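Here the structure is laid out as structure tokens; the discussion comes afterwards.
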Amino acid sequence: MKFGVIVFPGSNCDEDMVHALEHSTGSEVVKLWHKEADLKSCDFIIVPGGFSYGDYLRTGAIARFSPVMDKVVDHAEKGGYVFGVCNGFQILTEAGLLPGVLLRNDNMKFTCKNVYLKPESKSSIITSKLDRSKAYMIPIAHGEGKYYANEDTIKELEKNDNILFRYCNEYGIVDSASNPNGSCNNIAGVSNNRKNVFGMMPHPERAANAILGNEDGKAIFQSLLAEVLA
């Protein structure tokens, strides 16, 4: 398995992602500069967090038109795996690879803290190996992390088992008090219908090493690798 981590002007989580993937999965990981129209034979493309193009216009709106994104869209349409985290999630929605949009947090503030996630999807490679009785502690760092989609889209996500995670409390209870940004139905991450494109706002790469005092994110990377190689 070869992972490719895209780097845009303003990306700031690419090194964290590379380190987490190398140490969580033992796989080969390369960086992909946004101006390159070559995915370097990578099997799994990662769109990391940060502030691509300074979040001008709106988050992900400019990055979506970087040369590399044409190849990412083509890769996804052919069934290849793509995973966006935080700003990466925003970019994938702008590119039309995932449904919905990410809006300003309800409190209109940038929020940086640990939150808890409940794995939802039973058919996604990212969640299939996770313990559904466990609340995973994963940090967030975003100002526009409120997931929104119209009512019909939300119903389709529910119906097709495309909701990856919901925000919950430390006991795994999903309630409004545990929703850090006002996301519809406490949604923290979604997939497409083909289950090969994924996006989530929380940062698993920032919780994937014992030296950080939290390895809950490591389980997410190990789950996706185990399923892909199965």
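The values are calculated or read from the model by the stated rules, or taken from the named source; none is laboratory data. As the structure is a computational prediction, the values presented were derived from the model and not from experiment. We place every Cβ from the backbone using ideal geometry, glycine too, and count neighbours over all the protein chains shown.
Among the residues making up segment 180-202, those that are in contact with a Pro (Cβ under 8 Å, 6 or more places away or on another chain) and either surrounded by fewer than 23 Cβ atoms within 10 Å (Cβ to Cβ) or among the small types (Gly, Ala, Ser) (or both) are 188, 189, 192. Being in contact (Cβ under 8 Å) with a residue 40 or more places away in the chain and within 21 Å of residue 114 (Cβ to Cβ) is a property that residue 219 has. Of all residues in segment 22-41, those satisfying the criterion of being outside any helix (DSSP H, G or I) and either out of contact with any helix residue (DSSP H, G or I) (no Cβ under 8 Å at 6 or more places or on another chain) or of a type in the set (A, V, I, L, M) (or both) are 26, 28, 29, 30, 32, 37, 39, 40, 41. For the condition under 20 Å from residue 225 (Cα atoms) and either among the small types (Gly, Ala, Ser) or in contact with a strand residue (DSSP E or B) (Cβ under 6 Å, 6 or more places away or on another chain) (or both), residue 138 qualifies. From the list 124, 128, 133, the one residue that fits, being among the small types (Gly, Ala, Ser), crowded, with 19+ Cβ neighbours inside 10 Å and part of a loop (DSSP other than H, G, I, E, B), is 124.
Of the residues making up segment 92-102, just one is part of a strand (DSSP E or B) and in contact (Cβ under 8 Å) with a residue 60 or more places away in the chain, namely 102. The number of residues in segment 136-150 that are surrounded by 18 or more Cβ atoms within 10 Å (Cβ to Cβ) and part of a loop (DSSP other than H, G, I, E, B) comes to 4. The residue of segment 7-27 that is surrounded by the fewest Cβ atoms within 10 Å (Cβ to Cβ), among those that are more than 20 Å from residue 59 (Cβ to Cβ) and hydroxyl-bearing (Ser, Thr, Tyr), is 27.
Criterion applied to 60, 54, 4, 79 was being of a type outside the set (S, T, N, Q), at positive phi and buried (at least 24 other Cβ atoms within 10 Å of the Cβ), and the one residue passing it is 60.
Here segment 28-49 is the region considered, the condition is being of a type in the set (Asp, Glu) and out of contact with any strand residue (DSSP E or B) (no Cβ under 6 Å at 6 or more places or on another chain), and the residue that is surrounded by the most Cβ atoms within 10 Å (Cβ to Cβ) is 36.
Take the conditions (1) over 16 Å from the mean Cα position of the chain (by Cα); (2) modelled with pLDDT of 95 or more; (3) within 15 Å of residue 196 (Cβ to Cβ); residue 1 misses just one of them, which is (2). Is it the case that residue 118 is part of a strand (DSSP E or B), modelled with pLDDT of 95 or more, surrounded by 22 or more Cβ atoms within 10 Å (Cβ to Cβ) and of a type in the set (Lys, Arg)? Answer is yes for this residue.
Candidates 170, 158: the one that is without any contact (Cβ under 8 Å) to a residue 60 or more places away in the chain, assigned to a helix (DSSP H, G or I), acidic (Asp, Glu) and surrounded by fewer than 19 Cβ atoms within 10 Å (Cβ to Cβ) is 158.
When 84, 88 are screened for being among the small types (Gly, Ala, Ser), in a helix (DSSP H, G or I) and either over 17 Å from residue 202 (Cβ atoms) or in contact (Cβ under 8 Å) with a residue 40 or more places away in the chain (or both), only 88 passes.
Among residues belonging to segment 103-115 that are polar (S, T, N, Q) and outside any strand (DSSP E or B), point out the one that is surrounded by the fewest Cβ atoms within 10 Å (Cβ to Cβ).
Looking at residues that are polar (S, T, N, Q) and outside any strand (DSSP E or B), I get 107.
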